[in-house]
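Read through the structure below, which is laid out as structure tokens, and then see the notes.
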């Protein structure tokens, strides 16, 4: 099932070998520096749906340019960042967001590091406690000249 | 002729690998000494056959034999010779052959270096390696034969992917794979110990140099890949938490934990089952990484062409190898007990924390990488995970680890006696904080909260690492190579932390549209655009821009970013121009032709980014130094006295 | 004792997940459309054949229709063209085409040369309409019911298999109700 991609750097999203070849250079300069900062942030946060591991800011394909234009126009029209994100995911699904929104479904993913740290701390505590108890009865000499 | 020879060589290699596996495992199991002795011949034979096959493939590339389908897919008559050779591993089938070749290389090295190992144990190690070779050879012959012919032969090839037409291709995959594959040795040592039913401190001592060398290669390989992405991709990124990058990073994290855990097992006979598990885990992650990039289960611009049938085969292989090893572990590990003790502030504690944090880091990356897959399989919808997830979660485990590192290297074995080093540690911390904050706020005007933390940690680790060597030197004591290696590696890590913090905090980036004569200012640099002119390469046409760069008025360079259009694959690539100046990397990339001579150009100033890769290489050098310490090759003077509840001696 | 079995158990779990992943992998890169079950975007775009005329979604209310996104630059679209002609001749569901980021003259030539399976073709030069439908590559085909709800989306070249197994049943099964 061949999918065709609009022209302009068709092969840039090759599923073979290394990632993208040409970069997207986006000399957009919004009049308001605050808007410009939001524009840069948003385009880095949104995924290019064709080259799926690139952000809108970096992807050279036509669709990315079109979507960047959308972001630009919506910012100029006064929409908030959240409104723009919602607009995008209403059409492309949550996949378009690089930072998965915290919800019950991905709670496990965001909670994973914390839970792992707790488990790790527990393990450490148990091991250290057990070994500390064994210390007084351990009379084995330490090998002095071995590698550290 | 040559392709048929190569194909035949692979079949022979498969048979020999099978024999190697059989003799190596069945020999000691049934106490047949003749079988155990035959293993080395099987190893040699397999290596020769694999080398022959690789040579045949490379020769087919050099000779532009487009009757071989793989050559036709990845080469072209206009492709320069250098790339024709490197193209051998430019795609799936050939890269598998490279994997097998390097595995044969490691096996031969182990066979040569196994003189001091007990013969039955050595045979088992080689036998396990034989099983791995067999699996990969079978997979290659069954689903990914690089020697398939085209009839009639193609008139010309489809050319190597232009992104790969770069010197990086010659070095990155071979070195990366050497590391990746090298963890199979630790895996084999672990399996051999489990088959044997005992694991003593000599085992740890034998395993250490092999593991550390593989780790050093993997460090280099990852650094090379990152560097290659950096100057090839054109916008200054060097790490994207892409699934394929993660696939090599996870074994590295676990491998680092393994290197440290082996130290504890070697020194004190502790953490035996933990070390075994890490050895299995490191190689399992290597295998899993291979699975991920070739089976199509993950979306990545980095992966090889997706093919579900290949995916099924690799999965079956994974189940046999990893499932088998873990089953062995479940069976044998309960027998490994030790009654050694240590206190909270001892080196063992710190290494325990080290292991736990590294494994947590690896698990986090694992979760993030597989989250889309898991979410999809459990019908939880499509999940999207990228740098916004990986960056913060990775730091959660790594920052504490850095702090513990600075302190832990001064802890003694068994009884930490940290009180002795308390003063120096506090002094160095103070010095580091002053230097770190001075750097952050002195040279640059702004910084986030984490910036001085990262910088301070980096400097602190360096200062702390140097305390012991300097002390030894002052007292006229020699510095053993292993300690030197450790110091160098830790300093390398510290430099990497420092450099990464700097790059993340102080990079400047701007996209501009310039007409010839137009200028732009970024940071302390000024850029004047001089227009473009056409250029022709061996297999591409290009336009080269000319940009004059000055710093505070003083000339720095004339930089020439290019945009190339390759003839055969009609692919356009952007060649970044990079210049190192005063520790900064200045990057320029051409964007689009905006008409009337105007072009969009991306300008980036990245301070200290080169230090990131230099630091990685320093780490690898440290590893190499440590691995070469001759004391690893001498068995322990004292065979450890049997301890209550020590491992039984079945088998 | 059991804690030594944990790694093996965890691995078995992982293997199951990976196996499921392989089974799903032909659909990788295919993102479930958030439009399914929702109203199709309203549109009023210039017609390819006569730019002065408009192709309007309001005209299509009350009928099933297929919304097919294509372009002359698209290889998959060339592949599916035969199937689209068959669907057109079957006369069960009309196909509305969206000519995406394309050259009008080339598009007209394409349809003249290869045959025109479309009831009408709208042009989208800016790409805005395609974005409304969440299109990220061509060809893509949407099935819209008489109430204007998107009930099915096919990504990639349309095959007769998809037509008979996915589209036709939905159209015939419900004579008036939404699926």
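The values are calculated or read from the model by the stated rules, or taken from the named source; none is laboratory data. Predicted, not measured: the structure shown is a model, and the values here were computed from it. Neighbour counts are summed over all protein chains in view; Cβ atoms, including those assigned to glycine, are modelled from backbone coordinates with ideal geometry.
For this structure, a couple of remarks:
- Checking each residue in the stretch B:606-637 for being modelled with pLDDT under 90, more than 10 Å from chain A (Cβ to nearest Cβ) and either within 20 Å of residue B:497 (Cβ to Cβ) or outside any loop (DSSP other than H, G, I, E, B) (or both) picks out only B:633.
- Filter pass, residue C:3 being more than 19 Å from residue C:124 (Cβ to Cβ), more than 14 Å from chain A (Cβ to nearest Cβ) and either at pLDDT 90 or above or surrounded by fewer than 17 Cβ atoms within 10 Å (Cβ to Cβ) (or both): no
Listed here are the residues, each with its yes/no results for (1) more than 27 Å from residue B:332 (Cβ to Cβ); (2) touching a residue at least 60 places away in the same chain (Cβ under 8 Å); (3) crowded, with 24+ Cβ neighbours inside 10 Å.
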position: B:216; (1), (2), (3): yes, yes, yes
position: B:241; (1), (2), (3): yes, yes, no
position: B:251; (1), (2), (3): no, yes, yes
position: B:254; (1), (2), (3): no, yes, yes
position: B:260; (1), (2), (3): no, yes, no
position: B:264; (1), (2), (3): no, yes, yes
position: B:273; (1), (2), (3): no, yes, no
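Condition check ((1) outside the structural domain of residue B:540 (by TED's automatic domain parsing); (2) under 14 Å from the mean Cα position of the chain (by Cα); (3) assigned to a helix (DSSP H, G or I)) across all residues:
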site	(1), (2), (3)
B:169	yes, no, yes
B:187	yes, no, yes
B:192	yes, no, yes
B:210	yes, no, yes
B:232	yes, no, yes
B:240	yes, no, no
B:248	yes, yes, yes
B:251	yes, yes, yes
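- Residues satisfying the stated conditions in the stretch A:50-70, i.e. in contact with a helix residue (DSSP H, G or I) (Cβ under 6 Å, 6 or more places away or on another chain) and either modelled with pLDDT under 80 or farther than 29 Å from residue B:564 by Cα (or both): A:50, A:51, A:60
- Residue in the stretch B:538-546 that is under 34 Å from the mean Cα position of the chain (by Cα), surrounded by 15 or more Cβ atoms within 10 Å (Cβ to Cβ) and not assigned by TED's automatic domain parsing to the domain that holds residue B:580 present: no
- Selection within the stretch C:54-79 - in a helix (DSSP H, G or I) and either more than 14 Å from chain A (Cβ to nearest Cβ) or modelled with pLDDT of 90 or more (or both): C:58, C:59, C:60
- Scanning the stretch B:321-342 for residues that are crowded, with 18+ Cβ neighbours inside 10 Å and under 30 Å from residue B:416 (Cβ atoms) yields a total of 7.
- Residue match in the stretch B:352-367 (condition: in contact (Cβ under 8 Å) with a residue 40 or more places away in the chain, within 7 Å of chain A (Cβ to nearest Cβ) and surrounded by fewer than 24 Cβ atoms within 10 Å (Cβ to Cβ)): yes
- Of note, residue B:421 does not satisfy the criterion of being within 10 Å of another protein chain (Cβ to nearest Cβ), part of a helix (DSSP H, G or I) and under 20 Å from residue B:459 (Cα atoms).
- Taking every residue in the stretch C:2-31 that is over 22 Å from residue B:309 (Cβ atoms) and pairing it with any residue that is in a loop (DSSP other than H, G, I, E, B) and modelled with pLDDT under 90, at least 6 positions away or on another chain, the pairs with Cβ-Cβ distances below 7 Å are C:31/A:93; C:31/B:382.
- Leading residue by the ranking (surrounded by the fewest Cβ atoms within 10 Å (Cβ to Cβ)) among those in the stretch B:191-214 that are more than 25 Å from residue B:489 (Cα to Cα) and in contact with a helix residue (DSSP H, G or I) (Cβ under 7 Å, 6 or more places away or on another chain): B:197
- When residue B:120 is tested against (1) surrounded by fewer than 21 Cβ atoms within 10 Å (Cβ to Cβ); (2) not in a helix (DSSP H, G or I), exactly one condition is not met: (2).
- Among the residues making up the stretch B:1-25, those that are free of Cβ contacts under 8 Å to residues at least 40 places away in the same chain and either farther than 13 Å from residue B:133 by Cβ or outside the structural domain of residue B:101 (by TED's automatic domain parsing) (or both) are B:1, B:8.
- Scanning the stretch B:378-393 for residues that are more than 30 Å from residue B:346 (Cβ to Cβ), at the interface with chain A (Cβ under 9 Å from one of its Cβ atoms) and under 24 Å from the mean Cα position of the chain (by Cα) turns up B:385, B:386, B:387, B:388, B:389, B:392.
- Sole exception among (1) more than 7 Å from chain A (Cβ to nearest Cβ); (2) touching a residue at least 24 places away in the same chain (Cβ under 8 Å) for residue B:396, by number: (1)
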